[in-house]
Amino acid sequence: MLKGKVAVITGSTSGIGLGIARALAGAGADVVINGFGDAAEMEALRAGLADACGVGVAYSGADLSTPAGVQALIDGAEAAFGKVDVLVNNAGIQHVSPVEDFPPERWDAVIAVNLSAVFHGTRLVLSGMKERGWGRIINVASAHGLVASRDKSAYVAAKHGVVGLTKVVGLETAGTGITCNAICPGWVLTPLVQKQVDALAAAKGLSEAEAAAELLSAKQPSGAFVTPDQLGALAVFLCSDAAAQMTGTALPMDGGWTAQ
Ligand code: NAD
């Protein structure tokens, strides 16, 4: 379905981004994966994905916390494959603390990676998408783009910002063959959430399984984690012709979290 298309997935060396990269490559797109990791492991990941899916795969270690880093990622993708048809803005970080203790430098870092990088990536790919009359921008927001939790001020502010930016880009590109949508996952057991499970286990003297169950029961009525594969399938759908008239939306996949 995506043969001949080029997809850039930010923060795709682990977790949700990797699930989405696998799904888009599985649908036939050439992909650029991005994120941090050991050089040999990154090369193994790149080559493994290329072999498994029979598509072109490039890796970029660009740090998306600065505009120059985002520019390097998009320039690298265009140098490798000539264009960017699908941009998945997924890279994200977390910091948990009450507002009055929240370190200002952590606030700046969360806003830079989770929100500003989405703006920079989007502004850099839009003119090429408009020239070709087709494009898909998929922003991985969060249930925290729709509702709040305590102690996550920067993350919740950034994700609500991503949902707002998604609406603006959806309006600005309406009728051009480009769509821009946000995916809002609930809890997904990735390294980002594993840290929160570990912290809860340590704080309350729980086993890992007990801590995971407690985390889920507080927010996610289904009592089960969403998986990167499920989110990957949603991203493939958003790239399909069936989704051509969906734009500016924020789509929860959250086990009922935001229905409450
Ligand atoms: P993760 O920690 O498993 O992966 C994050 C990825 O981003 C990694 O590839 C990492 O190397 C990369 N990254 C981090 N900082 C970067 C930077 N400055 N430049 C480039 N790459 C960088 O996290 P995840 O849980 O898969 O989260 C992915 C996205 O999904 C994030 O935006 C997160 O907010 C969102 N999300 C996660 C959950 C969840 O429950 N895990 C729920 C809702 C939304």
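The values are calculated or read from the model by the stated rules, or taken from the named source; none is laboratory data. In this text, all values refer to a predicted model and were calculated from it rather than measured experimentally. All Cβ positions, glycine included, derive from the backbone under ideal geometry; neighbour counts span all protein chains shown. Ligands, DNA and RNA are excluded from the accessible area calculation, which covers all protein heavy atoms including side chains. Shrake-Rupley method; radii C 1.70, N 1.55, O 1.52, S 1.80 Å.
If you filter the stretch 41-78 down to residues that are surrounded by 16 or more Cβ atoms within 10 Å (Cβ to Cβ) and among the β-branched types (Val, Ile, Thr), you find that the one that is farthest from residue 3 (Cα to Cα) is 70. Scanning the stretch 189-196 for any residue that is more than 24 Å from residue 11 (Cα to Cα) and either at pLDDT below 95 or not in a helix (DSSP H, G or I) (or both) turns up nothing.
Would you confirm whether or not the stretch 246-257 contains a residue that is part of a helix (DSSP H, G or I) and surrounded by fewer than 20 Cβ atoms within 10 Å (Cβ to Cβ)? The answer is no, given that none of the residues of the stretch 246-257 is part of a helix (DSSP H, G or I) and surrounded by fewer than 20 Cβ atoms within 10 Å (Cβ to Cβ). Within the stretch 232-244, the residues that satisfy the criterion of being more than 15 Å from the chain's Cα centre (by Cα), open to solvent by 40 Å² or more (accessible area, probe 1.4 Å) and either without any contact (Cβ under 8 Å) to a residue 12 or more places away in the chain or closer than 11 Å to residue 27 by Cβ (or both) are 237, 241, 242. Taking residues in the stretch 41-65 that are touching a residue at least 24 places away in the same chain (Cβ under 8 Å), and partners anywhere that are among the acidic types (Asp, Glu), the pairs with Cβ atoms closer than 6 Å and at least 6 places apart or on different chains are 55/30; 56/30.
All of (1) crowded, with 16+ Cβ neighbours inside 10 Å; (2) away from the ligand (no atom under 11 Å from the Cβ); (3) over 19 Å from residue 135 (Cβ atoms) hold for residue 13 with one exception: (2). Being open to solvent by 50 Å² or more (accessible area, probe 1.4 Å) and within 16 Å of the ligand (Cβ to nearest atom) is a property that holds for residue 195.
Residue 147 falls short of the stated requirement of being open to solvent by less than 10 Å² (accessible area, probe 1.4 Å) and within 14 Å of the ligand (Cβ to nearest atom). Hey, could you check the stretch 16-42 for residues that are aliphatic (A, V, I, L, M) and within 13 Å of the ligand (Cβ to nearest atom) and say which is farthest from residue 182 (Cα to Cα)? In this case the residue turns out to be 42. Residue count for the stretch 79-124 satisfying the condition of being within 16 Å of the ligand (Cβ to nearest atom), open to solvent by less than 70 Å² (accessible area, probe 1.4 Å) and part of a helix (DSSP H, G or I): 14.
Of these, 202, 218, which one is over 21 Å from residue 15 (Cα atoms) and at pLDDT below 95?
Step by step, each of 202, 218 is checked, and only 218 is over 21 Å from residue 15 (Cα atoms) and at pLDDT below 95.
Of the candidates 179, 166, the single residue that is of a type in the set (Ser, Thr, Tyr), in the same structural domain as residue 92 (by TED's automatic domain parsing) and outside any helix (DSSP H, G or I) is 179. Just one residue in the set 210, 214 is touching a Leu at 6+ places or on another chain (Cβ under 8 Å) and surrounded by fewer than 15 Cβ atoms within 10 Å (Cβ to Cβ); that residue is 214. Could you grab me the full set of residues in the stretch 133-156 that are under 16 Å from the mean Cα position of the chain (by Cα) and either under 15 Å from residue 97 (Cα atoms) or not charged (D, E, K, R) (or both)? Listed by number, the residues that qualify are 137, 138, 139, 140, 141, 142, 143, 144, 145, 146, 155, 156.
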